[in-house]
Amino acid sequence: MKLHEYQSKRIFARYGVPIPQGDVATTPEEARRIAARLGKRVVVKSQILVGGRGKAGGIRLANDPDEAEEVADDILGMEIKGLTVKKVLVDEAADIDTEIYLGIVIDRAQHKPVMMASAEGGVEIEEVARVTPERIVKVSIDPFLGLQQHQARELAFGIGLRKELVRDFAKVASGLYQAFVENDASLAEINPLVVTGDGKLLAVDGKMLIDDNALFRHFDLAEMRDSDVETPEEEEARRHGLSYVKLDGNIGCMVNGAGLAMATMDIVKLYGGEPANFLDIGGGAQSEKVAAALRIILSDPNVQAVLFNIFGGITRCDEVARGILEALDEIDTNVPMVARLVGTNDQEGRRILAEADMATASTLAEAAQKAVAMAKSNQPVTTGRS
Ligand code: GDP
Ligand code: MN
């Protein structure tokens, strides 16, 4: 889960990272009030979950409250990379001397967090990494020891930071590391960390990615989720505990197990079809979850056929079959469907579906071929067995 700039910076501040004074506004008037309270030049920044806001015109300076209101009026409602701006952060403007990059991610090859710094801050770090990788200094952090002072100093000297700033830099670096660890982040980044005209460090931008699998132990963070970045289908899938990714094809797939879902997509492609989605209903799915999954699949207008591939283990095939019928009672659809159910209670499952005149198949290959044929003609093919 991605956090907004203002959310990330507020978290960083709790760990002693200096951030500008400021607050969030959803209306131009609110932006004016914040600017008036700050009583100085401000920067009005769109809060959307994509980078490069500056270039897109989503970050502007304002000299006084009047101007802050005007600028906020321009930015609110703006479309940046397909997202509509609904909030702006009004921060006191920083007097920027230099811009540094400081970030931390997990290095999967080393099984450790790695902290990176560069004197080329402000710009996209991916670009720096591609063109001038030698301009990025890295240290690997032993998770048992944490970020050590000498490592923070190594980064500071590596980017040519003035000596009198090294101590403050080390504080920022350990604060960022602490924020990263304690919030189960997969990325925490300050870009730019600026050196101000009067020689202080200030985190002007902030970004955090939180590991979704850790949200159960961070209720405060889970509540920060911005549902705007999710489609309604993705949101519904998440609420029901389904893993759902929409794709461009026309064969809707409902499968239990991520590996089986991958294999199902491969087989569909092998027989000349294109999957409309990846959908894993997980183990032990109850009928209402199955019904939600089917509703999500059928809400995609591209779907011309649906393939169920269920391997019964903890998941009971009869339960899945009931879920399918439950969903079909509510949804008026003429999209053809084929089900392959094997494993626990598969006979019962197949009987339930056959009674409802749904095509069934005994192997994945057969099911995939039927689904591909159905999608081509968008007509139910006669069942091979039932
Ligand atoms: P991003 O474009 O989405 O990464 O947004 P940033 O917050 O990183 O801002 C982009 C750039 O705008 C920064 O690198 C700065 O050069 C500039 N900027 C941001 N805030 C201020 C500010 O308070 N004062 C000044 N002078 N420039 C700023
Ligand atoms: Mn930035």
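In table form, for the structure just shown:
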{"read-out": "Selection status of Glu154, assigned to a helix (DSSP H, G or I), under 24 Å from Gly52 (Cα atoms) and either touching a residue at least 40 places away in the same chain (Cβ under 8 Å) or open to solvent by 70 Å² or more (accessible area, probe 1.4 Å) (or both)", "value": "no"}
{"read-out": "Odd one out for Val71, checked against (1) away from ligand 1 (no atom under 14 Å from the Cβ); (2) farther than 30 Å from Leu161 by Cβ; (3) not basic (Lys, Arg)", "value": "(1)"}
{"read-out": "Complete set of residues in region 33-68 that are near ligand 1 (Cβ under 8 Å from one of its atoms), under 20 Å from Asp95 (Cβ atoms) and surrounded by fewer than 16 Cβ atoms within 10 Å (Cβ to Cβ)", "value": "Gly54, Leu61"}
{"read-out": "Residue within region 87-94 that is more than 12 Å from ligand 1 (Cβ to nearest atom), assigned to a helix (DSSP H, G or I) and either among the basic types (Lys, Arg) or touching a helix residue (DSSP H, G or I) at 6+ places or on another chain (Cβ under 6 Å) (or both) present", "value": "no"}
{"read-out": "Failed item, numbered, when Thr27 is tested on (1) within 15 Å of ligand 2 (Cβ to nearest atom); (2) open to solvent by 30 Å² or more (accessible area, probe 1.4 Å)", "value": "(1)"}
{"read-out": "Any chance Gly39 is within 24 Å of Gly121 (Cβ to Cβ) and without any contact (Cβ under 8 Å) to a residue 24 or more places away in the chain", "value": "no"}
{"read-out": "Search result, residues across region 177-194 that are more than 16 Å from ligand 1 (Cβ to nearest atom) and not acidic (Asp, Glu)", "value": "Tyr177, Gln178, Ala179, Phe180, Val181, Asn183, Ala185, Ser186"}
{"read-out": "Residues satisfying the stated conditions in region 375-384, i.e. open to solvent by less than 70 Å² (accessible area, probe 1.4 Å) and either more than 17 Å from Tyr271 (Cα to Cα) or modelled with pLDDT of 90 or more (or both)", "value": "Ala375, Thr383, Gly384"}
{"read-out": "Test set (1) over 26 Å from Val229 (Cα atoms); (2) out of contact with any strand residue (DSSP E or B) (no Cβ under 6 Å at 6 or more places or on another chain); (3) of a type outside the set (S, T, N, Q) - Glu288 fails condition number", "value": "(1)"}
{"read-out": "Region 124-151, residues that are touching a residue at least 24 places away in the same chain (Cβ under 8 Å) and either touching a Gly at 6+ places or on another chain (Cβ under 8 Å) or outside any helix (DSSP H, G or I) (or both)", "value": "Glu124, Ile125, Ile136, Lys138, Val139, Ser140, Ile141, Asp142, Pro143, Gly146, Leu147"}
{"read-out": "Of all residues making up region 188-218, the number that are in a strand (DSSP E or B) and under 17 Å from Ile100 (Cβ atoms)", "value": "13"}
{"read-out": "Odd one out for Asp248, checked against (1) assigned to a helix (DSSP H, G or I); (2) open to solvent by 50 Å² or more (accessible area, probe 1.4 Å); (3) under 19 Å from Arg295 (Cα atoms); (4) not polar (S, T, N, Q)", "value": "(1)"}
{"read-out": "Given (1) touching an Asp or Glu at 6+ places or on another chain (Cβ under 7 Å); (2) in contact (Cβ under 8 Å) with a residue 40 or more places away in the chain; (3) within 30 Å of Phe216 (Cβ to Cβ), number of the condition Gln178 does not satisfy", "value": "(1)"}
{"read-out": "Qualifying residues in region 195-209 (those that are open to solvent by less than 10 Å² (accessible area, probe 1.4 Å) and within 18 Å of Phe180 (Cα to Cα)) - the one farthest from ligand 1 (Cβ to nearest atom)", "value": "Met208"}
{"read-out": "Residue in region 272-279 that is surrounded by 15 or more Cβ atoms within 10 Å (Cβ to Cβ) and charged (D, E, K, R) present", "value": "yes"}
{"read-out": "Residue match in region 80-95 (condition: open to solvent by 30 Å² or more (accessible area, probe 1.4 Å), hydroxyl-bearing (Ser, Thr, Tyr) and within 16 Å of ligand 2 (Cβ to nearest atom))", "value": "no"}
{"read-out": "Residue pairs meeting the criteria (Cβ under 7 Å; at least 6 apart or on separate chains; first more than 16 Å from ligand 2 (Cβ to nearest atom), in region 191-220; second polar (S, T, N, Q))", "value": "Ile210/Asn183; Asp211/Ser186; His218/Asn183"}
{"read-out": "Every residue from region 51-61 that is more than 10 Å from ligand 2 (Cβ to nearest atom) and in contact with a strand residue (DSSP E or B) (Cβ under 6 Å, 6 or more places away or on another chain)", "value": "Ala56, Gly58, Arg60, Leu61"}
{"read-out": "Residue among Ala119, Ala129, Ala109 that is open to solvent by 40 Å² or more (accessible area, probe 1.4 Å) and modelled with pLDDT of 95 or more", "value": "Ala119"}
{"read-out": "Residues that are touching a Leu at 6+ places or on another chain (Cβ under 6 Å) and at pLDDT below 90, drawn from region 334-374", "value": "Ala356"}
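The values are calculated or read from the model by the stated rules, or taken from the named source; none is laboratory data. Because the structure is predicted, anything quoted here is derived from the model rather than measured. All Cβ positions, glycine included, derive from the backbone under ideal geometry; neighbour counts span all protein chains shown. These area figures cover heavy atoms from the full protein model, side chains too; ligands, DNA and RNA do not enter into them. Shrake-Rupley method; radii C 1.70, N 1.55, O 1.52, S 1.80 Å.
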